[in-house]
Amino acid sequence: MSPQHITTITQLRCIALSMPLEFGPYTLTVCELSEYDMPIRRRHACLDLTHGRVLIRAGLAPAQWRRAFLHALVRLVHYAQAVLLHESTEEHLTHSLASGLSQLARRNPRLSWALLRAINPHLRHRQRAPQRLTVGSQPWTVKTMPVKTAARLRVFGQADLERRCIELDPALSGTQLAVIFLHESIHALHHEIGVTDQTSLRIAHSRQADSLLQFFASNPQAAGWWFGLLQPASAPSYERDRSQQRTGLSFSW
């Protein structure tokens, strides 16, 4: 792992440990516990919603910490949106994760930006939508859906699995565009990693978290554009958050 990656993960860890995480009805703190104090010792991360905590095992290497935190966020999103039922379908999982991550980024912009930069340190705010994506190891394209097609199908977007193409309604903007783009991208991820209606929830959640890590790492333009869509016009820029850099380097692993 490059020194730049280690620095941005350190900044993410500092922010996560120092400020509350707001999601759904929950206000959570992120805490580190020793392996022996973790509710489930073999896990690197656990949710303790009774006491309002996200628990991360202390002493993890930077890449392990980043992965553990993202896995905890994916599980939190699904729990808060009640998609923990065994009969949940691939469509349920897709909508829950897309809308949940978008809500997370909107309500916790500093933490979300730090997470995206910890995944890819070269992330920048982008004004233009991506035209190409890497999903798994496969190239995908992003196109505007013809207005007549959107009206006829009564959809805001679709992921064409055969052509590996994501199509978006040209009338979308802002938060709705962000949610629909991520929704269709997650359908694409599920197609490439083999998440179906028959996949168990435990496996589906784990695969989702790992594939999101790869997706945002491989598509910094898409990540920066998606994040920007969710921020109000008056929101501060997180590109050069000097306080992030000062506090981020004060922690040791």
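We did not get these values from a lab; they are worked out from the coordinates using the rules stated. Worth saying up front: this structure is predicted, and the values here are computed from it rather than measured. So basically every Cβ, Gly included, is an ideal-geometry build from the backbone, and we count neighbours across all protein chains shown.
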Legend entry - Two-decimal log10 I(q)/I(0) for the chain, as the Debye equation yields it once each C-alpha is a single scatterer, q = 0.07 Å⁻¹: -0.23
Legend entry - 3J(HN,Hα) from dihedral phi, segment 123-135, Karplus parametrisation 6.51/-1.76/1.60, rounded to Hz, x for glycine, proline: 4, 9, 5, 10, 9, 9, 5, x, 9, 9, 9, 10, 10
Legend entry - 5 angstrom amide H check on ARG53, placed H, neighbours 5+ away: THR29, ASP48
Inset, instruction - Mind sorting THR175, THR144 by how few other Cβ atoms lie within 10 Å of their own Cβ, fewest first? - result: THR144, THR175
Inset, instruction - Treat every Asp and Glu Cβ in the chain as -1 and every Lys and Arg Cβ as +1, leave all other atoms uncharged, and give the resulting dipole magnitude about the Cα centre to the nearest 20 debye. - result: 660
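Under the rule of -39500 (n - 2.57) per DSSP H run of 4 or more residues, summed and divided by the residues of the chain, what mean residue ellipticity at 222 nm is obtained, to the nearest 500 deg cm²/dmol?
Rounded to the nearest 500, it is -16000 deg cm²/dmol.
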Inset, instruction - Please identify, among ARG152, ARG164, ARG66, the residue showing maximal mean-square fluctuation in a Gaussian network model of the chain using a 10 angstrom Cα cutoff. - result: ARG152
Inset, instruction - Provide the FRET efficiency to the nearest 0.05 for the ALA171-TYR36 pair, computing r from the beta carbons and using R0 = 41 Å. - result: 0.15
Inset, instruction - Rounded to the nearest 0.05, what FRET efficiency do ALA58 and MET19 give with R0 = 25 Å and r taken as the Cβ-Cβ distance? Could you check? - result: 0.85
Legend entry - Packing-based exposure ordering (other Cβ within 10 Å, fewest first) of HIS92, HIS187: HIS92, HIS187
Legend entry - Charge dipole of the chain about the Cα centre (unit charges at C-beta), most positive-ward option of SER88, THR50, THR144: THR144
Inset, instruction - Only Lys, Arg, Asp and Glu count, each charged at its Cβ (+1, +1, -1, -1), so figure out the dipole size of segment 1-140 about its Cα centre, rounded to 20 debye. - result: 600
Inset, instruction - Please find, in a Gaussian network model of the chain (springs between Cα atoms separated by less than 10 Å), the residue of TYR238, TYR79, TYR36 whose mean-square fluctuation is greatest. - result: TYR36
Legend entry - Cα-based equivalent ellipsoid of segment 1-106: semi-axis lengths in Å, sorted from largest, via gyration tensor: 24, 16, 14
